[in-house]
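Novice: Before we start, here is the structure in question, set down as structure tokens.
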Amino acid sequence: MKKRTALLCALAAAAVPAALVAPGRADEKQKEPFQNRNFAHRGLHAEDKSVPENSLEAFRLACEAGYGMELDVQLSRDGRVVVFHDDTLNRVCGVDARVDELDFDELRALRLCGTDHQIPLFSEVLDVVHGRGPLIVELKSGRRNRELCEKTLLLLRGYGGDYCIESFDPTIVGWFRKNAPDILRGQLASPPRSFWKNGVHALRSIAMGNTLLNAVSRPQFIAYRIGPRPPLVRLSEAMGAMRIGWTAHDASAEQGRDAVIFEFYRPEPFYR
């Protein structure tokens, strides 16, 4: 009796984390545009910043080279969906302000990395790409997540090319699970220490770094920072989650991954 109880307890203990990290299911039609492809991180931007990240020129160059593209969207103060990575403008524009503290006209007056390039609207990027390569759209977590989700979805529904969405925020991925289950969705993650270093509470860092919040979003792919992956992340992959790695700096990242987000080198658009 004791042995049976111990066995049941062990099975229950194993089942709980498996239930937490279990992914959603994607069919082959959803996965096909992204399978075995290289995606230019924030467009095909240059290490010397002559072509800035998330600029229209970076996306134009990525299209011409045959790559997929990864990009970041968030809201301006007046509710426009803009393509920009950081919460603040300091690093890229040299301005001490948050993106969501300025109206789009104010953001448009700024320049990217000291060049003549400007912060684009998401709609402008979609016009430039025009279906010439699949998009991985990262939604940045902020103060108006629901509004960002709704407006991003509206723009995507009017776009004719291939796309999927991802976010570090499981509630954003979960929103798409509920409101747009036909769109391939992914959970962005990295080792727990990286979250903790960025001010995330220790317990939440552990949960996010191990994809223990998959129960909220049931992502169909895990986009994990390149390097060792925790056992629970590998368990989610073994249960069917597509494996996407970021950010690669050489072609070795293609090994064992379904797709790769890269920068500062020129891989082949497709790999096996």
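Novice: Return the residue satisfying two criteria in turn: it lies in the stretch 25-45 and is in contact (Cβ under 8 Å) with a residue 12 or more places away in the chain and surrounded by fewer than 18 Cβ atoms within 10 Å (Cβ to Cβ), and of such residues it is nearest to residue 204 (Cα to Cα).
Specialist: My answer is 25.
Novice: Looking for something touching a Gly at 6+ places or on another chain (Cβ under 6 Å), of a type outside the set (Asp, Glu) and under 23 Å from residue 40 (Cα atoms) - is there at least one such residue anywhere in the stretch 194-214?
Specialist: no
Every residue, every condition in (1) within 18 Å of the chain's Cα centre (by Cα); (2) under 17 Å from residue 53 (Cα atoms); (3) buried (at least 17 other Cβ atoms within 10 Å of the Cβ); (4) small (Gly, Ala, Ser), yes or no:
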site	(1), (2), (3), (4)
94	no, yes, no, yes
97	no, no, no, yes
102	no, no, yes, no
117	no, yes, yes, no
126	yes, yes, yes, no
139	yes, yes, yes, no
148	yes, no, yes, no
158	no, no, no, yes
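Novice: Here is a follow-up. For the stretch 196-227, which positions are aromatic (Phe, Trp, Tyr) and at pLDDT 95 or above?
Specialist: Across the stretch 196-227, the qualifying residues are 221, 224.
Novice: Please enumerate the residues belonging to the stretch 126-147 that are assigned to a helix (DSSP H, G or I) and closer than 26 Å to residue 25 by Cβ.
Specialist: 145, 146, listed by residue number.
Novice: Can you list the helices (runs of 4 or more DSSP H) lying wholly within the stretch 165-217 that have 3 or more residues being open to solvent by 10 Å² or more (accessible area, probe 1.4 Å) and within 20 Å of residue 234 (Cα to Cα)?
Specialist: So the answer is 192-197, 202-209.
Novice: I need the full set of residues from the stretch 128-137 which are buried (at least 22 other Cβ atoms within 10 Å of the Cβ) and farther than 14 Å from residue 183 by Cα, in order please.
Specialist: Correct list: 129, 133.
Novice: Quickly run through the stretch 66-87 and pick out the residues that are of a type in the set (Asp, Glu) and under 12 Å from residue 147 (Cα atoms).
Specialist: Looking only at the stretch 66-87, we keep the residues that are of a type in the set (Asp, Glu), and these are 70, 72, 78, 86-87.
Within the stretch 66-87, just 78 meets the criteria.
Novice: Can I ask one more? Here are 7, 61, 11: which of them is modelled with pLDDT of 95 or more, open to solvent by 10 Å² or more (accessible area, probe 1.4 Å) and assigned to a helix (DSSP H, G or I)?
Specialist: 61
Novice: Return the residues of the stretch 220-272 that are outside any loop (DSSP other than H, G, I, E, B), small (Gly, Ala, Ser) and surrounded by fewer than 16 Cβ atoms within 10 Å (Cβ to Cβ); say none if nothing qualifies.
Specialist: 238, 251, 252
Novice: Quick check on the stretch 64-80: of everything there that is aliphatic (A, V, I, L, M) and open to solvent by less than 20 Å² (accessible area, probe 1.4 Å), which residue is farthest from residue 123 (Cα to Cα)?
Specialist: Step by step, filter the stretch 64-80, then rank; the result is 69.
The values are calculated or read from the model by the stated rules, or taken from the named source; none is laboratory data. Quantities reported herein were computed from a predicted structural model and do not represent experimental measurements. All Cβ positions, even for glycine, are placed from backbone atoms using ideal geometry, and neighbour counts span all protein chains on display. Each accessible area value is taken on the protein alone, full model and side chains, heavy atoms only, with ligands, DNA and RNA left out. Shrake-Rupley method; radii C 1.70, N 1.55, O 1.52, S 1.80 Å.
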